[in-house]
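Here the structure comes first, spelled out in structure tokens, and everything after it is commentary.
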Amino acid sequence: MGNTSSDSRLENCDAEQWLPSGESPAISAVMFSAGVLGNLIALALLAHRWRGDSGRSAGPGSSISLFHVLVTELVFTDLLGTCLISPVVLASYARNQTLVALAPQRRVCTYFAFSMTFFSLATMLMLFAMALERYLAIGHPYFYQSRIKRRGGLAVLPIVYTASLLFCSLPLLGHRQYAQYCPGTWCFIWLEQTTYLRLYATLLLLLIIAVLVCNFSVILNLIRMHRRGKRSRCGPSLGGSRRRGERVSMAEETDHLILLAIMTITFAICSLPLTIFAYMNETSRKEKWYLQALRFLSINSIIDPWVFAILRPPVLRLMHENVNYNHLPYLTTPKILE
């Protein structure tokens, strides 16, 4: 009986043409503004870093790395997703019509659902590329230095977009793969398409696990680097420039890891509700829980750029100054993201 009621409510929302009275666009407008502002600030900071790097490109002080290239592509992806998805919701509120009613043949609903799946997957693939880059840079430095080049990062974005496009286009090959959900400003994978919903959620979960494994490996390698540094201090004296280079490298790698780890945790928190919902049995599923899971998924692109903007040198420097350097002698003032 509970299933029949839930299915009936879903059908009513899916066919609804007008928004319920009293619906306000305030939350959607705030989320859109925060997403655009945060991503623009992050891109401005990255552009400033790129300009500074171009002025030093002739010398050894060049500091834009492949990691920064990937961060730029991630921020661009978040901004693009925010600008392509949120205005559709605001248009729905402005016309007091649901997504299904905005265009014939449910085109806006299909566009919204496809965009949600595409940009969520693309974001996770970008995070995986960043984690893999750190894993190779720290765990396999000789392979990284000889085979991985900064300009190779420019090829990551089209590869990620192509893979996301192919996977997220699968529902378009079938009939009735997307549905509209209450209050009529959301569309996503139809609940009865359990196979694809679980496949999508499983892919996100596997990517999260892969990123966590890479991050854990980086942490272990940083610990080994720190221990080797302590042993070298007890052995023959290193040259001053070499020792300073090791300290700066250790600090930069630590700061890269902090940024990547927080972004990964954010995405995990935002995507796990959808993964859990996808594997719930039919009798336990509630449409309101599905809507909450979709909202969690959508706020990741809002949080990411603010994480990047906040974790800049002044903040990280303050964090480092509060560390007892008698115990961590190789963690010095960071010099990244300036």
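Some values worked out for this structure:
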read-out: Area accessible to solvent at Asp255, 1.4 Å probe radius, in Å²; value: 0 Å²
read-out: Mean Cα-pair separation over length for the range 71-162, i.e. relative contact order, pairs under 8 Å, 6 or more apart, %; value: 30 percent
read-out: Per-pair calculated FRET efficiency, R0 = 30 Å: Ile269 and Ala15 via Cβ, rounded to 0.05; value: 0.35
read-out: Cα pair distances exceeding 16 angstrom across the range 122-205, given as percent; value: 65 percent
read-out: Burial ranking of peptide ranges 157-167, 80-90 (average Cβ count within 10 Å, highest at the top); value: 80-90, 157-167
read-out: Accessible area, probe 1.4 Å, largest first, for residues Arg147, Arg227; value: Arg147, Arg227
read-out: Carbon + sulfur, % of accessible area of the range 97-166 - ligands and nucleic acids excluded, 1.4 Å; value: 66 percent
read-out: Accessible area (Å², 1.4 Å probe, nearest 10) - Trp306; value: 80 Å²
read-out: For the range 202-213, Karplus couplings with θ = phi - 60° (6.51, -1.76, 1.60), whole Hz, Gly/Pro x; value: 5, 4, 4, 5, 5, 5, 4, 4, 4, 5, 5, 5
read-out: Cα-only Debye scattering, the range 156-198: base-10 log of I(q)/I(0) at q = 0.13 Å⁻¹; value: -0.36
read-out: Under the Karplus curve 6.51 cos²θ - 1.76 cosθ + 1.60, θ = phi - 60°, whole-Hz ³J(HN,Hα) for the range 177-183, x wherever Gly or Pro sits; value: 8, 10, 9, 8, 10, 4, x
read-out: Convex hull (Cα only) mean projected area of the range 77-142, reported in nm² to one decimal; value: 5.2 nm²
read-out: For the range 65-111: Kirkwood Rh in Å [reciprocal of mean 1/r, alpha carbons]; value: 12.4 Å
read-out: 5 angstrom amide H check on Gln97, placed H, neighbours 5+ away; value: Leu19
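The values are calculated or read from the model by the stated rules, or taken from the named source; none is laboratory data. If you're wondering where the values come from, they're calculated on a predicted model, not measured in any experiment. A quick note on method: Cβ atoms are made from the backbone with ideal geometry, for glycine too, and the neighbour counts reach across all protein chains shown. Side chains are part of the model used for accessible areas, which takes the heavy atoms of the whole protein and leaves out ligands, DNA and RNA. Shrake-Rupley method; radii C 1.70, N 1.55, O 1.52, S 1.80 Å.
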